[in-house]
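Visitor: Quick one: the structure is below, questions incoming.
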Amino acid sequence: MSSQNIYILGIESSCDDTAASVIYNGKILSNVIASQKIHEEYGGVVPELASRAHQQNIVPVVHQALEKAGITKDKLHAIAFTRGPGLMGSLLVGTSFAKSFAYGLNIPLIDVNHMQAHILAHFIDEEGFNKPSFPFIAMTISGGHTQIVEVKNHFDMTVIGETIDDAVGEAYDKSGKILGLGYPAGPEIDKRAQKGNPKAYQFTKPKVDGLNFSFSGLKTAILYFVQREVKANPNFIEENLNDICASIQYTIIGILIDKLKLATKQTGIKQIAIGGGVSANSGIRQALKDGEQKFGWITYVPKFEFTTDNAAMIVIVGYLKYLKGDFSEQNVTASARLKI
Ligand code: KG4
Ligand code: ZN
């Protein structure tokens, strides 16, 4: 079969976004996402509600992805889907749908690792965005993940560091909750941080060996700090919100950059590619740019719509696997704790 005219549908349902995307020879034709607003009321993702919302969303989202791509389902050469890691109830919806769709169309099924996909999103053809060359270091930072990965090739990756408790996005969201901000709080903390003094308050960085991360201690330190200050001045938060946000952001970005410095030192690799929702953060973007000047890093940040959970990153992996003939069997199962 020629590798020149390949249409693949990708499906993502690992957490709280139902997404579908169509790729044509490495170029994304559609990238549809239904985000679930319901979780905002609860200040975090409720797995049972997520699973139910995926069931409602999946058919219309796939339909829209095909329609926006301007093709009908009989044009598809394969179906790619997120096998894991993620919430089991959510993964099951995408997995079952992908399996039956591929079976019905009699085309190959391709299972995709969500964490690999965050990294391989850098290989989507997109004007104005360069693709990293191998080897490079990938740092995936979001509400669910914090990982540093040494990427030797598309499918030869080693996790060299990860969080032992909360993800970095959770550190943002939980700090926001302490400050009375809405969920998710990352974007607002970032916005306010840009107007505040990053050195107004000091928070101790966690001491974690090697390239691993820990964020739960920081959250507790922020909680105790705020409680103490509010006791002395009930208006402390309102009067100092920008400075508090700037100080929290300064600490978190400091932690990420310290680990990246260590990772580049340990591996001798100077190319760094980031992904995940937190890569939208202005602080991390600036720190990476500074790293280019200071340490000779070459850094890559993907287009925003490919950094948060999305199906375009799933379908680019589907395409790369298709070219290798790497297909799944119909008895493949969702895997909540799938490793890279
Ligand atoms: O990748 P994503 O959309 O979903 C998953 O968690 O998988 O990431 C969402 C996370 C949330 O924790 C949110 O607070 C954080 O990314 N986030 C940010 C920013 N934008 C989103 N954190 C800091 N600064 C931002 N600008
Ligand atoms: Zn993700």
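The values are calculated or read from the model by the stated rules, or taken from the named source; none is laboratory data. This one's a predicted model, so the numbers in the text were calculated from it and none came from an experiment. We place every Cβ from the backbone using ideal geometry, glycine too, and count neighbours over all the protein chains shown. All accessible areas refer to the heavy atoms of the entire protein, side chains included, with ligands and DNA or RNA removed. Shrake-Rupley method; radii C 1.70, N 1.55, O 1.52, S 1.80 Å.
Visitor: Order the peptides 290-300, 318-328 from the highest to the lowest mean number of other Cβ atoms within 10 Å of their residues. Kindly include the intermediate steps, with their values, before the conclusion.
Guide: Details: 290-300: 14.6, 318-328: 18.5.
Put in order of decreasing packing, that is 318-328, 290-300.
Visitor: Sort out for me the Cα centre separation of region 13-75 from region 253-309, rounded to whole Å.
Guide: So the two Cα centres are separated by 28 Å.
Visitor: With Kirkwood's inverse mean 1/r over C-alpha pairs for Rh, give me the Rg to Rh ratio of region 195-294, two decimals please.
Guide: Numbers: Rg = 15.5 Å, Rh = 15.1 Å.
Rounded to two decimals, Rg/Rh equals 1.03.
Visitor: On the principal axes of its Cα set, how long, how wide and how thick is the chain? Give whole Å, largest value first.
Guide: Result, largest extent first: 69, 44, 32 Å.
Visitor: While we're looking at this one, here's another question. How big is the C-alpha Rg of region 258-330 next to the rule-of-thumb value 2.2 N^0.38 Å, as a ratio?
Guide: Values: Rg = 15.7 Å, N = 73, 2.2 N^0.38 = 11.2 Å.
Here the Cα radius of gyration is 1.40 times the empirical estimate.
Visitor: May I ask for the percentage of alpha-carbon pairs in region 61-161 that lie more than 19 Å from each other? Can you show the working numbers first?
Guide: Details: 2828 of 5050 pairs.
In whole percent, the long-distance tail amounts to 56.
Visitor: So what's region 177-251 giving for Rg/Rh, alpha carbon basis, Kirkwood Rh from the mean inverse pair distance?
Guide: Details: Rg = 12.6 Å, Rh = 12.9 Å.
Across region 177-251, the Cα-based Rg/Rh ratio is 0.97.
Visitor: Counting DSSP beta bridges in the chain, what percent are antiparallel, to the nearest 5?
Guide: On the way: 27 of 44 bridges.
Once the DSSP bridges in the chain are tallied, antiparallel ones form about 60 percent.
Visitor: How long are the semi-axes of the equivalent ellipsoid of region 1-111, taking √(5λ) for every eigenvalue λ of the Cα gyration tensor, in whole Å from largest down? Before the final figure, lay out each step's value.
Guide: Details: eigenvalues 136, 39, 24 Å².
So the three semi-axes of region 1-111 are 26, 14, 11 Å.
Visitor: Which value in deg cm²/dmol, rounded to the nearest 500, describes the helix-derived mean residue ellipticity at 222 nm for the chain, given -39,500 (n - 2.57) per DSSP H run of n ≥ 4 and division by the residue count?
Guide: The helix contribution divided over the chain gives -14000 deg cm²/dmol.
Visitor: For region 1-61, go through all pairs of different Cα atoms, get the mean of 1/r, take its inverse, and jot down that Kirkwood value in Å.
Guide: Working: mean 1/r = 0.0777 Å⁻¹.
About 12.9 Å, per the Kirkwood formula over Cα pairs.
Visitor: Residues of region 192-340: accessible area per residue at 1.4 Å, in Å²? Walk me through the intermediate numbers first.
Guide: Values: 7350 Å² over 149 residues.
Dividing the accessible area of region 192-340 by its residue count gives 49 Å².
Visitor: Still on this structure, please answer the following. Using the 2.2 N^0.38 Å rule of thumb for compact globular proteins, work out how region 136-236 stacks up: its C-alpha Rg over that value, please.
Guide: Working: Rg = 16.1 Å, N = 101, 2.2 N^0.38 = 12.7 Å.
So region 136-236 has a normalised radius of gyration of 1.26.
Visitor: Can you tell me the order of 329-338, 206-215, 118-127 when each peptide is scored by its average per-residue count of other Cβ atoms within 10 angstrom, highest first?
Guide: Numbers: 329-338: 13.5, 206-215: 16.2, 118-127: 21.2.
So the peptides 329-338, 206-215, 118-127, ranked by packing, come out 118-127, 206-215, 329-338.
Visitor: Just the number, please: carbon plus sulfur as a percent of the accessible area of region 1-156, 1.4 Å probe, no ligands or DNA/RNA counted. Please report the intermediate quantities before stating the final value.
Guide: Details: 3220 of 6500 Å².
The computed percentage sits at 50.
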